[in-house]
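Asks: Quick one: this structure, given as structure tokens, is what I'll be asking you about.
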């Protein structure tokens, strides 16, 4: 059962940008015009089912069912189950108004689950798309041979610039790519250090180069095999008192006008 998260999103009546964290690398955006965008939403327990191991068991509660919200746009940065959720994406894409932006590596899954390709846009690093009011930049990502077509994402919306580093290893030289479009207001970056992802130390180091107004660590706590240590990251960030950052709990909300107020230093 879910806990009313969908009702919270549906009940927004103001004209601000709302950002909600859903665990792993997933977040939901509701912009000033009411357009909903979901990024890498992992809403099921497909990782354990498909890998057959308790190390992939979902450890965080589900706060949203796939049928509860109608998204204008969905983004899947690569084809892994916790980014292209095979139990949830087909359900969300049953809405004829939803467009999906995904990596080339998702093409086989689109065919497998019978998703209407006319509403799928396969993106590559360097692509740029205007989706309603969202300006999407598909950027460098290094997830190794596991997902060579994976991408990161810079989203420009309502005067806010959001960086989703993606499942990537550390590349200090990419800082200029991340900030190419201007100052980063909100940065999501993994800290789990498994499957080629940034470690907590690397996430902190990258933030020193990118200098986001607010850093949000992600991709930890969902599955035991994915790694990630919140306490260790908390200690790491004590060495960077000038960097605003915060852990977001499931369903926690940032409102654009309040971004600077919802942070720890």
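The values are calculated or read from the model by the stated rules, or taken from the named source; none is laboratory data. Everything quoted here is computed from the prediction, not taken from an experiment. Backbone-built Cβ (ideal geometry, glycine too); neighbour counts: all protein chains shown.
Asks: Taking residue 233 and the conditions (1) in a helix (DSSP H, G or I); (2) in contact (Cβ under 8 Å) with a residue 40 or more places away in the chain; (3) touching a strand residue (DSSP E or B) at 6+ places or on another chain (Cβ under 7 Å); (4) within 22 Å of residue 40 (Cα to Cα), which numbered condition does it fall short on, given that it satisfies the others?
Replies: (4)
Asks: Residues in the stretch 67-81 that are out of contact with any strand residue (DSSP E or B) (no Cβ under 6 Å at 6 or more places or on another chain) and within 21 Å of residue 124 (Cα to Cα): how many?
Replies: Residues that pass the stated criteria total 4.
Asks: Right, next: What residue, of 37, 59, 41, is more than 19 Å from residue 255 (Cα to Cα), crowded, with 21+ Cβ neighbours inside 10 Å and in contact (Cβ under 8 Å) with a residue 12 or more places away in the chain?
Replies: Just one listed residue meets the conditions, 41.
Asks: Additional query: For residue 19, only one of the following conditions fails: (1) part of a loop (DSSP other than H, G, I, E, B); (2) crowded, with 23+ Cβ neighbours inside 10 Å. What is its number?
Replies: Here residue 19 meets the rest and fails (1).
Asks: Which count do you get for residues in the stretch 2-25 that are within 20 Å of residue 60 (Cβ to Cβ) and in contact (Cβ under 8 Å) with a residue 60 or more places away in the chain?
Replies: 13
Asks: Which condition number does residue 93 fail, the rest of (1) crowded, with 18+ Cβ neighbours inside 10 Å; (2) out of contact with any helix residue (DSSP H, G or I) (no Cβ under 8 Å at 6 or more places or on another chain) being met?
Replies: Here residue 93 meets the rest and fails (2).
Asks: Can you tell me which residue in the stretch 245-259 is modelled with the lowest pLDDT, limited to those that are over 19 Å from residue 234 (Cα atoms) and either surrounded by 17 or more Cβ atoms within 10 Å (Cβ to Cβ) or in contact with a strand residue (DSSP E or B) (Cβ under 8 Å, 6 or more places away or on another chain) (or both)?
Replies: Selected residue: 259.
Asks: Here's another thing I want to ask about it. Show the residue pairs that are 6+ apart or on different chains and have beta-carbon atoms under 9 Å apart, the first residue being within the stretch 93-113 and modelled with pLDDT under 95, the second being part of a strand (DSSP E or B) and crowded, with 20+ Cβ neighbours inside 10 Å.
Replies: Between residues of the stretch 93-113 that are modelled with pLDDT under 95 and residues that are part of a strand (DSSP E or B) and crowded, with 20+ Cβ neighbours inside 10 Å, there is no close pair.
Asks: Then there's this: Of the residues 109, 43, 64, which single one is in contact with a strand residue (DSSP E or B) (Cβ under 9 Å, 6 or more places away or on another chain) and within 25 Å of residue 138 (Cα to Cα)?
Replies: Step by step, each of 109, 43, 64 is checked, and only 109 is in contact with a strand residue (DSSP E or B) (Cβ under 9 Å, 6 or more places away or on another chain) and within 25 Å of residue 138 (Cα to Cα).
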